[in-house]
Amino acid sequence: MMFHLVLFPLMFPYMVVGLMPDEYFRQKIEIITETRDSLSEPVDAAVPFLDQYEAIWNSAKTLSLIGMDAIGARNSDDVTKILKDLPERITTAYEALVENVRKCEESNTKEALKEATNNLAVYCISVINISRDVRVKPNDANSWRLMHDHAKTISEVANSIRQVLIQSGSGIQACIETIGTIARITENLETMQMLARDGTLESTGDPFPNHREDMSGAAKRLIGAARLLVNGAISSNQEQVKDAAMTAEKTISDLANAVKSGVISLSIDDVGTRSLLLNGGTDVAKALSNSLEFTMDAFMKFPNDASWDKLYSSVKELVIIVRSFLETIESV
């Protein structure tokens, strides 16, 4: 009797880990296959890519971590639990990733995400199959090698999805930060308008012409910055958009500082001119903010998307407002 008890684990090593029926693994593989095939199916209400950014990032991160767990399973004290949970974890995470990618509006970024997600299915299915093999033959070195290699690929492809997100995010993030800067600038200029109307805004007595060129120069540079935004969006180049947004942020800050210096150089009694300049600077800032918003909306969209018309219109409006403001500056 003792003889059989000693040899039992050696004769049936899969019982140490616990064997699950083949049907269980087939079901998980079928789910992944069907989920992958749904990648191109439309959703009821698609949302902008940025709205799904965090959800896709987290789904890809989860798959990457599952891949790492599978890689280290053989040498882990929790090998039994890791192998038992692996098929369910992979299936659930892959379903979440596909669902999050599907929800995105059509764009070049979505196509890149779909391609990577589609490729990922092959390795998810492979690791599920291999997890069954190593449960049956836990000492099979070849199966563990395949587990390591394919699980590693899961992590690599999942990380490549996050890289797509990173590459599609630097320019957008710069636009968001610049919009925040503009909001603070606008609030400051509007506060100065209130003080000017109340007659409580100080005057330095500096000659106004000392500030005219600073205002005009910054306003003209802003038109160039807006055009850079459009060019970056057209090329779907995050770095270009990032550089353009940073240029726009510096230029609108320069303009705001020049406007404030010019305004406080005027007499406290010259309320009309002060208000005119402050209103003009505020209008320019708000128009730039609109262009940044539409740049984010159009970025990575297909050329026939309606968001492009909105971007072009917003830049034209910005140019008109800037030119009007230049006329105001020259009239003072």
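Just wondering, is there one or more residues in the range 245-258 that are over 20 Å from T181 (Cα atoms), polar (S, T, N, Q) and outside any loop (DSSP other than H, G, I, E, B)?
Looking for residues that are over 20 Å from T181 (Cα atoms), polar (S, T, N, Q) and outside any loop (DSSP other than H, G, I, E, B), one finds none in the range 245-258, hence no.
Please go through the range 309-332 and pick out each residue that is closer than 26 Å to N237 by Cα and without any contact (Cβ under 8 Å) to a residue 40 or more places away in the chain.
D309, K310, S313, S314, K316, E317
For the subset of the range 79-104 comprising residues that are buried (at least 20 other Cβ atoms within 10 Å of the Cβ) and under 18 Å from the mean Cα position of the chain (by Cα), which member is nearest to D69 (Cα to Cα)?
Restricting attention to the range 79-104, the residues satisfying the condition of being buried (at least 20 other Cβ atoms within 10 Å of the Cβ) are 83, 86-87, 90-91, 93-94, 97-98, 100-102, 104.
Among the residues that remain, those that are also under 18 Å from the mean Cα position of the chain (by Cα) are: 97-98, 100-102, 104.
Details: L97: 18, V98: 21, N100: 23, V101: 24, R102: 27, C104: 29 Å.
Among residues in the range 79-104 that are buried (at least 20 other Cβ atoms within 10 Å of the Cβ) and under 18 Å from the mean Cα position of the chain (by Cα), the one nearest to D69 (Cα to Cα) is L97.
Within the range 47-68, track down each residue that is under 15 Å from D149 (Cα atoms) and surrounded by fewer than 17 Cβ atoms within 10 Å (Cβ to Cβ).
Within the range 47-68, L65, M68 qualify.
Quick check on this structure: which one of V284, V263, V259, V241 is in contact (Cβ under 8 Å) with a residue 60 or more places away in the chain, surrounded by 20 or more Cβ atoms within 10 Å (Cβ to Cβ) and touching a Lys or Arg at 6+ places or on another chain (Cβ under 6 Å)?
Working: V284 fails: touching a Lys or Arg at 6+ places or on another chain (Cβ under 6 Å); V259 fails: touching a Lys or Arg at 6+ places or on another chain (Cβ under 6 Å); V241 fails: touching a Lys or Arg at 6+ places or on another chain (Cβ under 6 Å).
One residue alone meets the criteria, V263.
Read through the list (1) modelled with pLDDT under 95; (2) part of a helix (DSSP H, G or I); (3) small (G, A, S), then give the number of the only condition that S203 fails.
Answer for S203: the failing condition is (2).
Can you find a residue in the range 143-153 that is over 21 Å from I66 (Cα atoms) and either open to solvent by less than 50 Å² (accessible area, probe 1.4 Å) or over 31 Å from the mean Cα position of the chain (by Cα) (or both)?
No: zero hits.
Take the conditions farther than 21 Å from Q193 by Cα and either more than 26 Å from the chain's Cα centre (by Cα) or open to solvent by 30 Å² or more (accessible area, probe 1.4 Å) (or both) and apply them to D270. Does it pass?
So D270 does not fit the description; no.
Do we find that M192 is over 20 Å from E88 (Cβ atoms) and either surrounded by 17 or more Cβ atoms within 10 Å (Cβ to Cβ) or not acidic (D, E) (or both) in this structure?
Yes.
So that you can scan it fast, the table gives a plain yes or no per residue for (1) at negative phi; (2) assigned to a helix (DSSP H, G or I); (3) without any contact (Cβ under 8 Å) to a residue 60 or more places away in the chain:
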residue: D85; (1), (2), (3): yes, yes, yes
residue: I90; (1), (2), (3): yes, yes, no
residue: A96; (1), (2), (3): yes, yes, yes
residue: K110; (1), (2), (3): yes, yes, no
residue: L113; (1), (2), (3): yes, yes, yes
residue: A116; (1), (2), (3): yes, yes, yes
residue: I125; (1), (2), (3): yes, yes, no
residue: I128; (1), (2), (3): yes, yes, no
residue: N139; (1), (2), (3): yes, no, no
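Matching residues to (1) aliphatic (A, V, I, L, M); (2) in contact (Cβ under 8 Å) with a residue 60 or more places away in the chain; (3) within 14 Å of A256 (Cα to Cα):
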{"site": "Q167", "(1), (2), (3)": "no, yes, no"}
{"site": "S170", "(1), (2), (3)": "no, yes, no"}
{"site": "Q173", "(1), (2), (3)": "no, yes, no"}
{"site": "I176", "(1), (2), (3)": "yes, yes, no"}
{"site": "L195", "(1), (2), (3)": "yes, no, no"}
{"site": "D198", "(1), (2), (3)": "no, no, no"}
{"site": "L201", "(1), (2), (3)": "yes, yes, no"}
{"site": "P207", "(1), (2), (3)": "no, no, no"}
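Please specify each residue of the range 295-332 satisfying the condition of being farther than 22 Å from E111 by Cα and open to solvent by less than 50 Å² (accessible area, probe 1.4 Å).
Listed by number, the residues that qualify are L311, S314, V315, L318, V319, I321, V322, F325, L326, T328, I329, V332.
The values are calculated or read from the model by the stated rules, or taken from the named source; none is laboratory data. Bear in mind that the values here come from a model prediction, so they are computed numbers and not experimental data. Glycine gets a Cβ as well: all are built from the backbone with ideal geometry, and neighbour counts include every protein chain shown. Ligands, DNA and RNA are excluded from the accessible area calculation, which covers all protein heavy atoms including side chains. Shrake-Rupley method; radii C 1.70, N 1.55, O 1.52, S 1.80 Å.
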